[in-house]
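Q: Sending over a structure as structure tokens; questions will come in a sec.
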Amino acid sequence: MSTSLFNVKGKNALVTGSTHGLGMAMARGLGLAGATIIVNGNSSQEKIDKAVAEYKSEGINAVGYKFNVADEGQVMKAISMIETEVGQIDILINNAGIIKRTPLIDMEVSDFKQVIDIDLVSPFIVSKHVVKGMIARKAGKVINICSMMSELGRNSVGAYAAAKGGLKMLTQNMATEWAKHNVQVNGIGPGYFATSQTEPIRVDGHPFNDFIINRTPAAKWGDPNDLAGAAIFLSSKASDFVNGHILYVDGGILATIGKPSNED
Ligand code: GCO
């Protein structure tokens, strides 16, 4: 099988929220496979510069852009700067996201709206403005980072589940509208991974930590680097006829009803 199928050499990949966690792991995988990484974050320029330095320390060609993915004006300005200073965007990974763990009955509407804004509306905003170039060039790859909550509910993450469920359908509809332009739009659905986002629920002795290890057929939390392969597959020729698909990388969580804790 020719490795050129998975070749991303010379491609430019914009990965939103790629200064840490899953975003950085997927971007790193693409970078080590030869893509130029356009790093995005919105917390601080220092954090972006530190991440860019980290990518470069591994021989990855990386450049950083600070912009708020939920602000259409900032997104349009950033994309035109990127296309002028770096070049065309061949791969877009909509990874930036937040979570607020509050029971729905106690959640402020403003908090609910903020989660929807960043986790669902932002992938629409960024994609809308990046895909215009892809459609003109008749080539492009878009990957939306979904979640177990695209399929399953969980106490206290209702807004997040609503956003991630919506993102699954947004992915399918983007594919419906853009596949004819040779733009493949798909999703990656991470299971439970060891990141700063899951730190509060991944503490030894925390009931949710034990629950996840028991609930996951792989019997462990995922390592962010476990997502690199899926990112490369959905960014390369190998997925040229894959559209509107959500690739779950979850250690088998969605494949099973789970088991009682006293069963091996
Ligand atoms: C949570 C977690 C999840 C995971 C991931 C699962 O509180 O349940 O943070 O949201 O991060 O999205 O797919």
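The values are calculated or read from the model by the stated rules, or taken from the named source; none is laboratory data. All figures in this text were calculated on a predicted structure; none of them were measured in a lab. Heads up, the Cβs are rebuilt from the backbone with ideal geometry, glycines too, and the neighbour counts pull from every protein chain shown.
Q: Check THR216 against each of (1) under 19 Å from VAL131 (Cβ atoms); (2) touching a helix residue (DSSP H, G or I) at 6+ places or on another chain (Cβ under 7 Å) and name the one condition it does not meet.
A: Exception for THR216: condition (1).
Q: Of the residues that make up the range 187-194, is at least one surrounded by 14 or more Cβ atoms within 10 Å (Cβ to Cβ), of a type in the set (Ser, Thr, Tyr) and either in a loop (DSSP other than H, G, I, E, B) or within 13 Å of the ligand (Cβ to nearest atom) (or both)?
A: Checked the range 187-194: at least one residue is surrounded by 14 or more Cβ atoms within 10 Å (Cβ to Cβ), of a type in the set (Ser, Thr, Tyr) and either in a loop (DSSP other than H, G, I, E, B) or within 13 Å of the ligand (Cβ to nearest atom) (or both).
Q: From the list SER18, SER43, which one is crowded, with 22+ Cβ neighbours inside 10 Å, among the small types (Gly, Ala, Ser) and part of a loop (DSSP other than H, G, I, E, B)?
A: SER18
Q: Now for a separate question. Given the residues ASN155, ASN173, ASN144, which is the only one that is among the polar types (S, T, N, Q), outside any helix (DSSP H, G or I) and more than 10 Å from the ligand (Cβ to nearest atom)?
A: Answer to the check: ASN144.
Q: Let me ask something else about it. Confirm whether ILE125 is without any contact (Cβ under 8 Å) to a residue 60 or more places away in the chain and away from the ligand (no atom under 15 Å from the Cβ).
A: For ILE125, the condition - without any contact (Cβ under 8 Å) to a residue 60 or more places away in the chain and away from the ligand (no atom under 15 Å from the Cβ) - is met.
Q: Which members of the range 77-117 meet the condition of being part of a helix (DSSP H, G or I) and buried (at least 20 other Cβ atoms within 10 Å of the Cβ)?
A: ALA78, ILE79, ILE82, VAL115
Q: Could you check how many residues of the range 72-108 are in contact (Cβ under 8 Å) with a residue 60 or more places away in the chain and acidic (Asp, Glu)?
A: The total comes to 1.
Q: Could you run through the range 214-264 and say how many residues are modelled with pLDDT of 95 or more, among the charged types (D, E, K, R) and in a loop (DSSP other than H, G, I, E, B)?
A: Matching residues across the range 214-264 total 4.
Q: Which of the residues spanning the range 8-43 are modelled with pLDDT under 95 and either closer than 23 Å to LYS237 by Cβ or over 18 Å from the mean Cα position of the chain (by Cα) (or both)?
A: Matches in the range 8-43: none.
Q: Take the range 126-140 and flag every residue that is small (Gly, Ala, Ser) and assigned to a helix (DSSP H, G or I).
A: SER127, GLY133, ALA136
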